[in-house]
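Heads up, the thing below is written out as structure tokens.
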Amino acid sequence: MMNGNEYYMHKALELAKRASDSDEVPVGAVVVNQEGTIIGNGHNQVEAKKVQTAHAEVAAIEQAAQTIGDWRLDGCSIYITLEPCRMCMGLIQLSRLSRVIYAVKSPRFGYQLDNMAISSVYKKDVYIEQGVCAGEAQHVLKQFFQQKREKKDECKKARSGCDREGIDRAAK
């Protein structure tokens, strides 16, 4: 039986899979209010929208703010399949979220939450929890990047003019 954290992380994982199906890095996020209701969700759409700010966390926080009619998300939690980047962590702090629960670390782009002191915005600490459904999130990420590498190798072999990410632009 799933506990609350696992339930919400599975919702975020569903969104990550949706991102992967759209050829986006598979990251999903959900914002949950104090009553346990999901009030915002999102998945990466950086490639589709052609803008770096189209991260899962940004979409989920924007939707949550619209849902409650306030940018202050006091008492809310965000569940993310991958450790947030510096930009998203700044947004999380400014939005006054109380908790960040993420599945797996992102050593290359993550905020490195376990190694850095998080400055308290508005004199409020953010509770951080890592590792919820980590195995499943890691599998989704590994599968996505393995497929990207395979596409890239196929394009190299065929010399079909793929871009640096292994996407055959002529096929789209």
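Observations
- If the condition is being assigned to a loop (DSSP other than H, G, I, E, B) and without any contact (Cβ under 8 Å) to a residue 12 or more places away in the chain, then segment 9-42 contributes Glu35, Thr37.
A quick yes/no check of all residues on (1) hydrophobic (A, V, I, L, M, F, W, C); (2) over 22 Å from Leu13 (Cβ atoms); (3) surrounded by 10 or more Cβ atoms within 10 Å (Cβ to Cβ); (4) at pLDDT 75 or above:
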position: Asp125; (1), (2), (3), (4): no, yes, yes, yes
position: Val132; (1), (2), (3), (4): yes, no, yes, yes
position: Phe144; (1), (2), (3), (4): yes, no, yes, yes
position: Lys157; (1), (2), (3), (4): no, yes, no, no
position: Ser160; (1), (2), (3), (4): no, yes, yes, no
position: Ile167; (1), (2), (3), (4): yes, yes, yes, no
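- Top-ranked residue of segment 43-53 - restricted to ones that are open to solvent by 30 Å² or more (accessible area, probe 1.4 Å) and part of a loop (DSSP other than H, G, I, E, B), ranked as nearest to Phe145 (Cα to Cα): Gln45
To keep it simple, each residue is scored yes or no on (1) open to solvent by 50 Å² or more (accessible area, probe 1.4 Å); (2) touching a residue at least 12 places away in the same chain (Cβ under 8 Å).
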| residue | (1), (2) |
| --- | --- |
| His55 | no, yes |
| Gln63 | yes, yes |
| Thr67 | yes, yes |
| Asp70 | yes, no |
| Asp74 | yes, yes |
| Ile78 | no, yes |
| Ile92 | no, yes |
| Ser95 | no, yes |
| Arg99 | yes, yes |
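- Beta carbons closer than 7 Å, at least 6 apart along the sequence or on distinct chains, pair a first residue in segment 129-153 that is at positive phi and touching a residue at least 40 places away in the same chain (Cβ under 8 Å) with a second that is assigned to a helix (DSSP H, G or I) and open to solvent by less than 30 Å² (accessible area, probe 1.4 Å) for Cys133/Met9; Cys133/Leu13.
The values are calculated or read from the model by the stated rules, or taken from the named source; none is laboratory data. Remember, predicted model here, so these are calculated numbers, not experimental data. Every residue, glycine as well, gets a Cβ built from its backbone with ideal geometry; the counts of neighbours run over all protein chains shown. Remember, those area values only see protein heavy atoms, side chains included, never the ligands or the DNA or RNA. Shrake-Rupley method; radii C 1.70, N 1.55, O 1.52, S 1.80 Å.
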